[in-house]
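First the structure, in the form of structure tokens, and then the observations on it.
The values are calculated or read from the model by the stated rules, or taken from the named source; none is laboratory data. Everything numeric here is computed off the predicted structure, so don't read it as measured data. So basically every Cβ, Gly included, is an ideal-geometry build from the backbone, and we count neighbours across all protein chains shown.
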Amino acid sequence: MSEPSIFTRILNGEIPSEIIAETANVFAIRDIAPQAPVHLLVIPKTPAYRDVVELAAGDPALLAEIVDVAHRLAEEHAGGDFRLVFNTGAAAGQTVFHVHAHVLGGGLAEGSLGG
Ligand code: AMP
């Protein structure tokens, strides 16, 4: 068994973080090192999927739920428009191998892919 991810530890209350949205299957927090004026993370409660490729293959409904929660949070916190990022693999910047969506919004540069 591998160690619980930092997100599982947050969900279990072992690491302090405000849970800003929650459904039966996912929860959301603010990123501790924001890369945009609004930078939230939407995370499945299950640690079963390490990245979005595994998630899409294993539970597409859960992926759709992440997108739905991201949309709702963007409407609440960022005026509706948002960028949804799934870093996939260490070389692409993924550091936590418990799949999560970055929801970026508010004052993003037009046409930019950078965060
Ligand atoms: P990634 O690099 O795509 O795996 O994303 C992991 C994200 O988790 C990074 O943007 C980190 O800033 C964020 N992060 C790490 N620890 C915490 C924490 N305790 N609370 C909130 N966000 C965190």
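Worth pointing out:
- Against the list (1) more than 20 Å from residue 4 (Cβ to Cβ); (2) without any contact (Cβ under 8 Å) to a residue 12 or more places away in the chain, the condition residue 22 fails is (1).
- Test for residue 101: is it within 11 Å of the chain's Cα centre (by Cα) and among the hydrophobic types (A, V, I, L, M, F, W, C): yes
- All of 62, 84, 55, 104 fail the test of being surrounded by 13 or more Cβ atoms within 10 Å (Cβ to Cβ) and touching a Gly at 6+ places or on another chain (Cβ under 9 Å), apart from 104.
- Hits in segment 20-69 - residues which are part of a helix (DSSP H, G or I), more than 13 Å from residue 99 (Cβ to Cβ) and of a type outside the set (Asp, Glu): 61, 64, 69
- Segment 88-108 residues that are within 10 Å of the ligand (Cβ to nearest atom), paired with ones that are at pLDDT below 95 (beta carbon under 8 Å, 6 or more apart): 102/115
- Residues (under 13 Å from the mean Cα position of the chain (by Cα) and surrounded by 15 or more Cβ atoms within 10 Å (Cβ to Cβ)) located in segment 31-45: 31, 38, 39, 40, 41, 42, 43, 44, 45
- Residues of segment 9-32 classified as within 12 Å of the ligand (Cβ to nearest atom) and under 18 Å from residue 82 (Cβ atoms), total: 6
- Pairs are defined by a Cβ separation below 7 Å, a sequence spacing of at least 6 or placement on different chains, a first member in segment 54-81 that is farther than 11 Å from residue 44 by Cβ, and a second member that is at pLDDT 95 or above and part of a helix (DSSP H, G or I); the pairs so defined are 56/63; 80/74; 81/74.
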